[in-house]
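The values are calculated or read from the model by the stated rules, or taken from the named source; none is laboratory data. Everything numeric in this text was worked out from a predicted model, so none of it was measured. Because the Cβ atoms are built from the backbone with ideal geometry, glycine has one as well, and the counts that use them run over all protein chains shown.
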């Protein structure tokens with residue numbers, strides 16, 4: 001459990017809330033997280049946008065995105081609080097560290113492959129001409 | 001003995017029928033060139049669920065996820081795309097169903 005996990009949290013605030021209220025809510029969310037021992041690494045206001053379908057008879061909402069590092073216990077507490085808050089229409093938490101690690105690995109592998117390719121080019125050409133000579137001989 | 005052979009032949013017949021059913025209006029359909037995965041060319045490792053514009057290009061009017069046989073995507077990228085679209089649906093960035 002000691003390992004750090006990275007989460008992305010998106011939540012949608014009621015469109016009737018003004019900017020100040022959205023700010024207040026966001027700060028409250030951040031406080032819950034930091035109180036539990038997590039650290040908020042990124043906060044992004046994605047702004048007001050139309051919902052693809054109605055939620056609680058609302059046609060649009062204010063999107064807020066957070067990136068959080070923590071153990072996972074904070075998420076449980078936060079979600080419990082968000083569920084009872086009727087100003088928050090919807091929330092979603094996604095664990096991203098595993099996917100990012102995987103992506104990094106693939107990237108590194110590609111880089112290594114490219115390196116090998118440029119390094120081994122002379123040799124590869126040599127081998128090619130060898131096989132050509134062989135087929136001619138046959 | 002001979003009945004066994006008959007059975008087997010019946011089986012082949014069914015398979016041929018199945019193949020035929022799988023490609024309506026052959027001829028032209030089959031001549032279409034094999035598409036290649038756009039995400040593989042661009043070397044995409046993560047498909048972000050917040051990238052609505054990208055995801056929307058794989059969600060036709062009806063709101064369904066575009067099948068692989070149409071888009072020509074590779075299996076792993078199709079899985080990633082499907083996951084991202086489902087996440088986007090959850091937070092109302094994309095519709096579950098559009099009429």
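Does region A:82-100 include one or more residues that are within 14 Å of chain B (Cβ to nearest Cβ) and out of contact with any strand residue (DSSP E or B) (no Cβ under 9 Å at 6 or more places or on another chain)? Before the answer, list the steps.
Within region A:82-100, the subset within 14 Å of chain B (Cβ to nearest Cβ) is A:82, A:88-100.
Retained after the next criterion (residues that are out of contact with any strand residue (DSSP E or B) (no Cβ under 9 Å at 6 or more places or on another chain)): A:99.
Yes, region A:82-100 contains a residue that is within 14 Å of chain B (Cβ to nearest Cβ) and out of contact with any strand residue (DSSP E or B) (no Cβ under 9 Å at 6 or more places or on another chain).
For residues that are farther than 23 Å from residue A:99 by Cα and in a loop (DSSP other than H, G, I, E, B), scanning just region B:67-99, find the one that is farthest from the chain's Cα centre (by Cα). Even if it seems obvious, please write down each step before you answer.
In the first step, residues of region B:67-99 are kept if they are farther than 23 Å from residue A:99 by Cα; the result is B:67, B:69-72, B:95-99.
Add one more test, that the residue is in a loop (DSSP other than H, G, I, E, B), and what stays is B:67, B:72, B:95-99.
Working: B:67: 3, B:72: 7, B:95: 19, B:96: 18, B:97: 18, B:98: 20, B:99: 21 Å.
Looking at the filtered set, the residue picked out is B:99.
Return a yes/no flag: does region A:26-46 have any residue that is within 12 Å of chain B (Cβ to nearest Cβ), at pLDDT below 95 and in a strand (DSSP E or B). First the steps, then the outcome.
If we filter region A:26-46 for residues that are within 12 Å of chain B (Cβ to nearest Cβ), which is where we start, we get A:44, A:46.
The next check asks that each one be at pLDDT below 95; those that pass are A:44, A:46.
Among the residues that remain, those that are also in a strand (DSSP E or B) are: A:44, A:46.
There is at least one residue in region A:26-46 that is within 12 Å of chain B (Cβ to nearest Cβ), at pLDDT below 95 and in a strand (DSSP E or B).
Filter region A:57-73 down to the residues that are closer than 12 Å to residue A:8 by Cα and within 14 Å of chain B (Cβ to nearest Cβ) and list them by number.
Just the residues of region A:57-73 that are closer than 12 Å to residue A:8 by Cα, to begin with: A:64-70, A:72.
A:64, A:65, A:66, A:67, listed by residue number.
Could you tell me which numbered condition residue A:82 fails, if it satisfies all but one of (1) over 23 Å from residue A:18 (Cβ atoms); (2) assigned to a helix (DSSP H, G or I); (3) within 21 Å of the chain's Cα centre (by Cα)?
(1)
Say we look at region B:64-98 and pick out the residues that are touching a residue at least 24 places away in the same chain (Cβ under 8 Å) and surrounded by fewer than 13 Cβ atoms within 10 Å (Cβ to Cβ); which of these is nearest to the other protein chains (Cβ to nearest Cβ)?
The qualifying residue nearest to the other protein chains (Cβ to nearest Cβ) is B:96.
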